[in-house]
Each structure stands twice: as structure tokens, then as C-alpha cells.
Amino acid sequence: MENTTHFGFKQVATNDKQSLVRDVFNSVAGKYDLMNDVLSFGAHRLWKRYTIASSNVKDGDKVLDIAGGTGDLAIEFRKKVGDSGQVILSDINAAMLNEGRKNLINKGVFGVEFIQLNAEYLPFDNSTFDCVSIAFGLRNVTDKDQALKEVYRILKPGGCLLILEFSTTDSALLKKLYDFYSFNIIQKLGGIIADDEASYQYLAESIRKHPDQETLKGMVLDASFDFCEYHNLSGGIVALHKGIKV
Amino acid sequence: MQPFAIFWHKQTIILEQALNRLITNGEVGISVLNGKTIGFSLQDLPLDVHFVCANERIFVLSATNKPTDVDIKLKSMVFISLLHGEDLTELLRQDKISIHGDVKTAQLLVDLLKEVDIDLEEIASKYTGDIIANQLGKLTKKFNPTNMESNNPLEIIKDGLTALLINPIKFEQYKHKNS
Ligand SMILES: C[S@@+](CC[C@H](N)C(=O)[O-])C[C@H]1O[C@@H](n2cnc3c(N)ncnc32)[C@H](O)[C@@H]1O
């Protein structure tokens, strides 16, 4: 079928995906942080810590966090760039961005800018940022290739892209456990804690539809990045891709 | 997943950070290296990294899809002697090091590596497959930028937890070596 794309395991009109994704995140925004901690047993914090450590970001740098949601990465980047740097927390979804704003205020983090944007169209000049990150966001973007090209365009030479995303595990045992967990427990917990089984079903399904490590690496290189490497975390359940623009 | 990939990646992150700290602090300039990719491998260890220099930054990658400008190959003991001030051209003359490409560029990289404030010698010399799990506990605690200063028991427990969540398969080894 032309002009269709996947939304979890469903095929939907390409034009509809964005609003379907928006509905999901409108619905989960209020409980997003709590659910993240519960569903990943807190591991998402470690994956994010690993991402920050891999970022090569320093004092004075300009960083854009795309699909930044409640701002976990932006908070850490803000510490790294200091007052002479700039961190922009961006998301397509106003409700998630609002949660981000609240979270940063609650944690006493100031100096981060907020922009509502779609990863496919980044409203910045060429060669603006030293680092662009996207954590658990890319799989929700309708045209991922377009988003990657945009990131390449706005990165400075010597800049890097970090993609933290669920991926594919090689271990048969881990895969079995993980499948059981995703399609039985996650949905149920989504229903019990967030009163929203359907959204958590989408989140679990969208993980399975996301390109595996090598495919995503190929997409990053196709978007003109000079180098791309990835590292598996938690046995490949999550992978961190790093793209470099020379 | 390659064995010990996470371990080595942690070390490359630490090395990358240390090199970039040097550049940011103005202790060294790398403008002559800009745009260059240097392959560096220790032949007796599974250590094969690429240094990519761009716009006053260095990235340390485990593999690249592009040809390198210079390739340096040597044994770990030779590397240690380089860090101790042994002359690169002398080692080259003695065939203890192989350099494909511009020797000056190789020399610049070696000079940079000598300056970094982490113990490369310890990483190189302590390595054997058997002690990796132990190193995960010790070296990462020593160098891990996210908890470099910690000696307290809570951090040690956190370290173990990190090992479990980041890499469940190696956690077993970690537990064993630390018990
Ligand atoms: C699972 S959350 C991740 C939030 C945060 N980065 C984290 O790691 O906790 C995914 C985020 O992607 C955002 N998103 C979805 N499609 C997007 C798009 N096309 N452009 C920008 N953000 C998008 C959603 O609104 C949501 O906040």
C-alpha cells in the first residue's frame, strides 16, 4: 500500500501517524516519568547516563535534544555546557514539553530553552549545533530519513548525533523474556498505573517495528554522516548510535 | 555482541573525554590533525580504535567505514615504552611499530596520548580476558566520569547494579570476581 506507514503493528495513512502519536503522548504525558521508572526498573536512567558520557559535549557547546519529553537528557547537558553554552529541549508535543518544563523547574534547572518542533523540519540554520540527541523518540517519527538529514544539516562540522533507542537483542532467551514482558506485562501495567493500555500497547509494538542496529546505522550514513557506530546496552534491548559529521 | 565490547567502549569514552579536555583547556592544538582519521591497534589486545579529528574535536571510534589517513600498529609493551618517552622513529627503525601513512601525523597522535590525564598504561598492561570483570569494577570506578570521585559503598552497589542493567550477561562475572 502506498502512502501508508506503521503505527505499532497497524498500517495507517502516513498523514495520520503524527496525530496518532500525538494522542499517545498527550495521554501518557502526566505519568510518563513514573511509567519509565517502573517499566524499565530504572534502567532508562543508566542508558541516559551512558548517552551523556558518550556525548563529547563540553563547556560552551550548543545542544539540541529532540523528542526530549520530560527533559532527562537536557538536564544533564545543561550541566555540561555551563552558562556559556546553550541547551534546547524540543518536542512535537506540547503536553510532554510542559511536563519537561515542570520537571526542570522542580529540579531547579534553569537556562534551558523550550521549542515545540517536529524532528522532520528543524527550524535552525545550517551548522548550528555541536550535538543533537534523540532518546526513545526516533521510532515515533514518521519520516526518519528526513529527520536524520535535518539533523545532519544543523550540526556543525565536528558535531555528533546521539540516538538512544530500543533495538534488537541477539540473545534468544532475552528475546523471549522481553517479548513476554512487552506484550503482557507492559500493557497491563499501562492499564493499571496510567489507565491507558492502548498507548502502552503502541509503545511496545513500535519498538518491534523500529529498524535494528545495522539498519539504523545504514540510515545514519545515508543521511550523509561521515561516521556512525553503535553500542548495545542491556544485551541489545537498547542501542546507542553515534553519528559524526566531519 | 562482541565480548567485552562495553568494557572497551567505556575506555574509549574515557579516552575521548580526556583528549577533548586537553584540547578545550588549550593544552594542545590539533588543527593540523583536522579532517584526519588515524587507525590505532594494539596487536596483542583486541584493541582497535580510530581517532577521527574534526573541527578541534577528537572522536575515538571502534570501527570506521572510511579509509584511514594513517594506520599505526604496535604491541602493548611497545606502546607502553612510547608512553615512557621512547622515540617513535627509533621504534620504527627497529620494526617494533608499523605505520602506514604520514609519520608526522602518527607522532602528533602519540604526543597527544602522552599528555592525557588517564592511565593508559594501566588499561593496556592489566588486560587479560580473565580479569575483565574485575576491571569493570576497578577501572570503571577509577575512570568512569560519572562516578570518578566515589569510594563509598553505596556507589559500589550502584556500580554492580549498573553492570547488571547495562549488561546482564557480564554481571555474573562481575559478581563472581567481586565476591
Ligand atoms: C518515549 S518519549 C521520549 C522522551 C524522552 N526523550 C525520554 O527519553 O524520556 C518520545 C517523545 O517523542 C516525541 N515525538 C514523537 N514524534 C515526534 C516528532 N516527529 N518530532 C519530535 N518529537 C516527537 C513525543 O512527543 C514524546 O515526547
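The values are calculated or read from the model by the stated rules, or taken from the named source; none is laboratory data. It should be emphasised that the depicted structure is a prediction, and the values quoted were computed from it without experimental measurement. We place every Cβ from the backbone using ideal geometry, glycine too, and count neighbours over all the protein chains shown. Just the protein is used for accessible areas: all its heavy atoms, side chains included, with ligands, DNA and RNA removed. Shrake-Rupley method; radii C 1.70, N 1.55, O 1.52, S 1.80 Å.
Identify, from the list B:Leu45, B:Leu91, the residue that is assigned by TED's automatic domain parsing to the domain that holds B:Lys10 and part of a helix (DSSP H, G or I). Explain how you work it out, then say what you get.
Details: B:Leu45 fails: part of a helix (DSSP H, G or I).
On inspection, the qualifying residue turns out to be B:Leu91.
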Requested in this report: Consider A:Phe114 carefully, then state whether it is within 21 Å of A:Leu233 (Cβ to Cβ), open to solvent by 30 Å² or more (accessible area, probe 1.4 Å), of a type outside the set (Val, Ile, Thr) and within 13 Å of the ligand (Cβ to nearest atom).
Outcome: no
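Does A:Gly137 satisfy being of a type in the set (Gly, Ala, Ser), touching a residue at least 24 places away in the same chain (Cβ under 8 Å) and away from every other protein chain (no Cβ under 14 Å)?
Taking the combined requirement at face value, the residue satisfies it.
Going through the stretch A:125-147 one residue at a time, which ones are open to solvent by 30 Å² or more (accessible area, probe 1.4 Å) and near the ligand (Cβ under 9 Å from one of its atoms)? Outline the logic, then answer.
First, the residues of the stretch A:125-147 that are open to solvent by 30 Å² or more (accessible area, probe 1.4 Å): A:125-127, A:142-143, A:145-146.
The answer is A:Thr142, A:Asp143.
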Query raised in the report: Just for the stretch B:12-51: of the residues that are away from chain A (no Cβ under 12 Å) and among the β-branched types (Val, Ile, Thr), which one is farthest from B:Asp119 (Cα to Cα)?
Result: B:Val32
Requested in this report: Select the helices (runs of 4 or more DSSP H) contained entirely in the stretch A:25-88, then report the ones holding at least 3 residues which are within 12 Å of another protein chain (Cβ to nearest Cβ).
Outcome: A:43-53, A:72-81
Report task. State all residues of the stretch A:15-58 that are within 9 Å of the ligand (Cβ to nearest atom) and of a type in the set (A, V, I, L, M, F, W, C); if no residue qualifies, say none. Result -> A:Val21, A:Val24, A:Phe25, A:Val28, A:Ala29, A:Trp47
Query - Test for A:Asn98: is it away from every other protein chain (no Cβ under 14 Å), open to solvent by 30 Å² or more (accessible area, probe 1.4 Å) and within 12 Å of the ligand (Cβ to nearest atom) - result: yes
Requested in this report: Determine, yes or no, whether A:Gly108 is more than 10 Å from the ligand (Cβ to nearest atom), small (Gly, Ala, Ser) and out of contact with any Lys or Arg (no Cβ under 9 Å at 6 or more places or on another chain).
Outcome: yes
Report task. Could you grab the pairs with beta carbons closer than 7 Å, sequence gap of 6+ or different chains, first residue in the stretch B:89-102 and within 12 Å of B:Lys73 (Cβ to Cβ), second one assigned to a strand (DSSP E or B) and open to solvent by 50 Å² or more (accessible area, probe 1.4 Å)? Result -> B:Ser98/B:Lys73
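Checking the conditions here, which among A:Gly60, A:Gly69, A:Gly42 is small (Gly, Ala, Ser), under 16 Å from the mean Cα position of the chain (by Cα) and at positive phi? If you could, list the steps in order and put the result at the bottom.
Details: A:Gly60 fails: under 16 Å from the mean Cα position of the chain (by Cα); A:Gly42 fails: under 16 Å from the mean Cα position of the chain (by Cα).
After applying the criteria, what remains is A:Gly69.
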Query raised in the report: Considering the stretch B:52-67 alone, what residues qualify as being open to solvent by less than 40 Å² (accessible area, probe 1.4 Å), in a loop (DSSP other than H, G, I, E, B) and more than 7 Å from chain A (Cβ to nearest Cβ)?
Result: none
Report task. Take A:Phe114 and decide whether it is part of a helix (DSSP H, G or I) and more than 14 Å from the chain's Cα centre (by Cα). Result -> no
